[in-house]
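The values are calculated or read from the model by the stated rules, or taken from the named source; none is laboratory data. These numbers come from a predicted model, not from an experiment. For neighbour counting, all protein chains shown are included, and Cβ atoms are generated from backbone atoms with ideal geometry for every residue, glycine included.
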Amino acid sequence: MNKKLTLPFINSPEELKDLSEEQLPILAQEIRDRIIEVTSKNGGHVGPNLGVVELTIALHLAFDSPRDKFCWDVSHQGYVHKLLTGRNDQRFDKIRQDDGLSGFLNIFESIHDSFGAGHAGTALSAALGMCVARDSKKQDHHVVAVAGDAAFTCGITLEALNNIACTTKKFILILNDNEWSIAKNVGALSKYFNELITNPVYNRFHKEAQSLLSNIPLGKTFIKLVSKAKRDTKDLLAPSSIFEKLGLRYVGPIDGHDINGLVNFFKFAKNSPEPIVLHLLTKKGKGFPVALNEPEKWHGAGPYDLKSGISKQNSTSSKPKYQDVFGNCLSKLARNEKRIIGITAAMPSGTGLDLFKEEVPDRFFDVGIAEEHAVVFAAGMASQGLKPVCAIYSTFLQRAYDPIIHDVCLQKLPVTFCMDRAGLSPNDGPTHHGLFDISFLRCLPNAIVMSPKDEDELQDMLKTSTQSKLPCFIRYPRGTGTGVKLKDTPESITIGKAEELNSGSDISIWALGNFVETATELAERISINLGLSVSVVNARFVKPLDDELLLVHAKRHKMIVTLEDGVLKGGFGSSILESINEAGISTPIHRFGWPDEFIEHGDSTDVLRKKHKLDTDSIFRSLENTLKTQVETVL
């Protein structure tokens, strides 16, 4: 390979290994430039990827992918891995967009993606499963789990740690410590990792480590370098760390931006006779000053100016974001109700609870990436008369389904769940779409499930929920609302009562949440083009459903149409169908929602709706022939 050529000519990890040591820092800079250039256009996980450039290069130099397996926790930091494994082409130019690469690792995208991800805490368990498969097949390849320190606040990670040493002797864990998840890491483990870095009691170098390093090329030279460097880093090995108590050898802290040093440590880990943890220190956003200075903001960013880092998105929009309406409203309610508590699982800014934290910091709790704990924690509070509000994205609430059933609904505890990102999270794709919550919640006894048509109704539902004596779930979409005027004081609404927005006699459209706007547009289209009289109902509640109004409409109209931003299977439309069937009414029902498949990522919600025929035009065309027949019947 021409030694002057780097990133544009690397199509596989094997070609990476042809580079000289002098070219590696150049390659690292080219990778950072490439990521910054693409994310400035598409948005994406900027900080996490800039922080693992050297780490990823060293991994591919020391190991042999795809024979050796890498499990990246969350995998939002996988852009560098994609660039080094044959995906540095037009697909990377369109990452997180239509026809572009996924923003996460995806086993259907490349043979080098050993395990897909999108949620935190899965890497260690998946890697351990791969180790068992390898051991049972008498194979000898390596399995490497790469997990950020934030992943160790996740219960699944700790469950896996408890099982590694008694399951396999050959396991490599890279702890990528950058002190951040999305927000600053919280809890005792975060403090413990800091102690490992700063406490001189861990400043020892095992004799067996020296022996192992002596067996690899240049190992003796490396020992001398490490012995000198440890005076600056304070530690190399922690013989009494929590990891060693669990049967894993601990090595660290290690400079996560020194490619040659990382390669040597990785080779050392390959020769370890027992499971091993390499504790790497990295800087989230390294190489891009604005991202380095504001790690939380640049964890995931929208399109931005390449030089200044200023967002290209319209920040002057008069339409507030749902998350901000939620945060402000909860803060307002908390001023008068001292029992209201705000809980988040590592997402204070994403959910809007950072606003609540500023208002009432003593009633704000960030539990880290621990959704199960968040739910049971809230249940405990509710059992003692408090009014906890859990702000958790719909896709992440899936992780706490058992506590929702067993600890909240079974005991009729008045916990409020505010489920942001219900519906599509278009650029992130199937790991982040919130399309299943209606189906998995409406079957639960004692649950109240609702969805506002706009941001003002969100305020009313929040007040209603905090006054309820039952578990309440409010689902609302990502991004800006409709721009409706917000009331100064939220009003309670009657639980289980829908809102009839327009009264007709031929077609009745029952819509939920942000599809109410689509329903209004559809009704106008039907009225103008087909001359039919259309009712529009803002359902508000999935459970309890307004059966009284529904049965009146089923008897009065010749057809019912349902619209929802969730999967059709077991969804809102299904509840309408069940109620009418149980009443013995034969009115035809046409349901519109997301199909029985995982929805891909795409440019925007509008693009994905059109692609899956859930935009107003597509729904109208789908109904048109049936409705024309209906016109003839009416005439």
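Any idea which residue in region 432-452 is surrounded by the most Cβ atoms within 10 Å (Cβ to Cβ), counting only those that are touching a Gly at 6+ places or on another chain (Cβ under 8 Å) and part of a loop (DSSP other than H, G, I, E, B)?
Restricting to residues being touching a Gly at 6+ places or on another chain (Cβ under 8 Å) and part of a loop (DSSP other than H, G, I, E, B), the top hit is Ser451.
Got a sec? Which of Gly121, Gly129 is crowded, with 21+ Cβ neighbours inside 10 Å and of a type in the set (Gly, Ala, Ser)?
One residue alone meets the criteria, Gly121.
Can you give me the number of residues within region 441-481 that are under 21 Å from the mean Cα position of the chain (by Cα) and closer than 16 Å to Val415 by Cβ?
Residues flagged as under 21 Å from the mean Cα position of the chain (by Cα) and closer than 16 Å to Val415 by Cβ within region 441-481 amount to 4.
Go through region 348-399 and report how many residues are assigned to a loop (DSSP other than H, G, I, E, B), farther than 15 Å from Ile474 by Cβ and touching a residue at least 12 places away in the same chain (Cβ under 8 Å).
Total satisfying the criteria: 7.
Give me the residue from region 344-374 that is among the β-branched types (Val, Ile, Thr) and under 17 Å from the mean Cα position of the chain (by Cα) and, out of that set, surrounded by the fewest Cβ atoms within 10 Å (Cβ to Cβ). Show your work before the answer.
From region 344-374, those among the β-branched types (Val, Ile, Thr) are 344, 351, 360, 367, 369; that's our starting set.
Those still in the list that are under 17 Å from the mean Cα position of the chain (by Cα) too: 344, 351, 367, 369.
Details: Thr344: 28, Thr351: 28, Val367: 20, Ile369: 30.
Among those residues, the one meeting the criterion is Val367.
Got a sec? Which of Leu50, Leu24, Leu105 is without any contact (Cβ under 8 Å) to a residue 40 or more places away in the chain, on the phi < 0 side of the Ramachandran plot, among the aliphatic types (A, V, I, L, M) and in the same structural domain as Leu280 (by TED's automatic domain parsing)?
Testing whether each residue is without any contact (Cβ under 8 Å) to a residue 40 or more places away in the chain, on the phi < 0 side of the Ramachandran plot, among the aliphatic types (A, V, I, L, M) and in the same structural domain as Leu280 (by TED's automatic domain parsing) leaves just Leu105.
Got a sec? Which strands (runs of 3 or more DSSP E) wholly within region 69-179 have at least 3 residues that are over 28 Å from Asn427 (Cβ atoms)?
172-177
When the residues of region 499-519 are narrowed to those that are assigned to a loop (DSSP other than H, G, I, E, B) and crowded, with 21+ Cβ neighbours inside 10 Å, which ends up farthest from the chain's Cα centre (by Cα)?
In this case the residue turns out to be Asp506.
Of the residues in region 453-483, how many are part of a loop (DSSP other than H, G, I, E, B), at pLDDT 95 or above and not charged (D, E, K, R)?
So the count comes out to 5.
Tell me which of these Arg621 doesn't satisfy, since it passes every other one: (1) more than 30 Å from Gln97 (Cβ to Cβ); (2) part of a helix (DSSP H, G or I); (3) of a type outside the set (A, V, I, L, M, F, W, C); (4) out of contact with any Asp or Glu (no Cβ under 7 Å at 6 or more places or on another chain).
(1)
If we scan region 600-607, do we find a residue that is buried (at least 19 other Cβ atoms within 10 Å of the Cβ) and under 16 Å from Thr520 (Cα atoms)?
Initial filter on region 600-607 (buried (at least 19 other Cβ atoms within 10 Å of the Cβ)): 601-602, 605.
Still in the list and also under 16 Å from Thr520 (Cα atoms): none.
No, because not a single residue in region 600-607 is buried (at least 19 other Cβ atoms within 10 Å of the Cβ) and under 16 Å from Thr520 (Cα atoms).
What's the number of the condition Leu532 fails, among (1) under 30 Å from Pro445 (Cα atoms); (2) outside any helix (DSSP H, G or I); (3) more than 30 Å from the chain's Cα centre (by Cα)?
Only one criterion in (1) under 30 Å from Pro445 (Cα atoms); (2) outside any helix (DSSP H, G or I); (3) more than 30 Å from the chain's Cα centre (by Cα) is unmet by Leu532, namely (1).
For region 528-555, give me each residue that is of a type outside the set (A, V, I, L, M, F, W, C) and modelled with pLDDT under 95.
Listed by number, the residues that qualify are Asn529, Gly531.
Being farther than 25 Å from Arg442 by Cα, crowded, with 19+ Cβ neighbours inside 10 Å and modelled with pLDDT of 95 or more is true for just one of Leu614, Leu522, Leu563. Which residue is that?
Answer to the check: Leu522.
Name the one entry in Val46, Val38 that is out of contact with any Pro (no Cβ under 8 Å at 6 or more places or on another chain), at pLDDT 90 or above and either of a type in the set (Gly, Ala, Ser) or surrounded by 15 or more Cβ atoms within 10 Å (Cβ to Cβ) (or both).
Working: Val46 fails: at pLDDT 90 or above.
Of the residues listed, the single one that is out of contact with any Pro (no Cβ under 8 Å at 6 or more places or on another chain), at pLDDT 90 or above and either of a type in the set (Gly, Ala, Ser) or surrounded by 15 or more Cβ atoms within 10 Å (Cβ to Cβ) (or both) is Val38.
In region 442-483, which residues are among the aliphatic types (A, V, I, L, M) and over 22 Å from Thr605 (Cβ atoms)?
Passing the criteria: Leu444, Ala447, Ile448, Leu462, Leu470.
Just to be sure, is Leu413 aliphatic (A, V, I, L, M), surrounded by fewer than 22 Cβ atoms within 10 Å (Cβ to Cβ) and assigned by TED's automatic domain parsing to the domain that holds Met381?
Yes, satisfied.
Take region 550-569 and flag every residue that is more than 37 Å from the chain's Cα centre (by Cα) and either under 20 Å from Leu458 (Cβ atoms) or in contact (Cβ under 8 Å) with a residue 12 or more places away in the chain (or both).
Leu551, His553, Ala554, Lys555, Arg556, His557, Lys558, Met559
Conditions: (1) over 27 Å from Glu30 (Cβ atoms); (2) at pLDDT 95 or above; (3) touching a helix residue (DSSP H, G or I) at 6+ places or on another chain (Cβ under 6 Å). Val80 meets all but one. Number of the miss?
(1)
Identify, by number, the condition in (1) among the aliphatic types (A, V, I, L, M); (2) at pLDDT below 95; (3) not in a loop (DSSP other than H, G, I, E, B) that Leu55 doesn't meet.
Failed condition: (2).
Within region 166-173, identify whether any single residue is of a type in the set (A, V, I, L, M, F, W, C), within 21 Å of His76 (Cα to Cα) and in contact with a strand residue (DSSP E or B) (Cβ under 9 Å, 6 or more places away or on another chain), and answer yes or no.
Yes, because at least one residue in region 166-173 is of a type in the set (A, V, I, L, M, F, W, C), within 21 Å of His76 (Cα to Cα) and in contact with a strand residue (DSSP E or B) (Cβ under 9 Å, 6 or more places away or on another chain).
Out of Leu59, Leu84, I need the residue that is over 21 Å from Asn178 (Cα atoms) and among the aliphatic types (A, V, I, L, M). Which one?
Of Leu59, Leu84, the one residue that is over 21 Å from Asn178 (Cα atoms) and among the aliphatic types (A, V, I, L, M) is Leu84.
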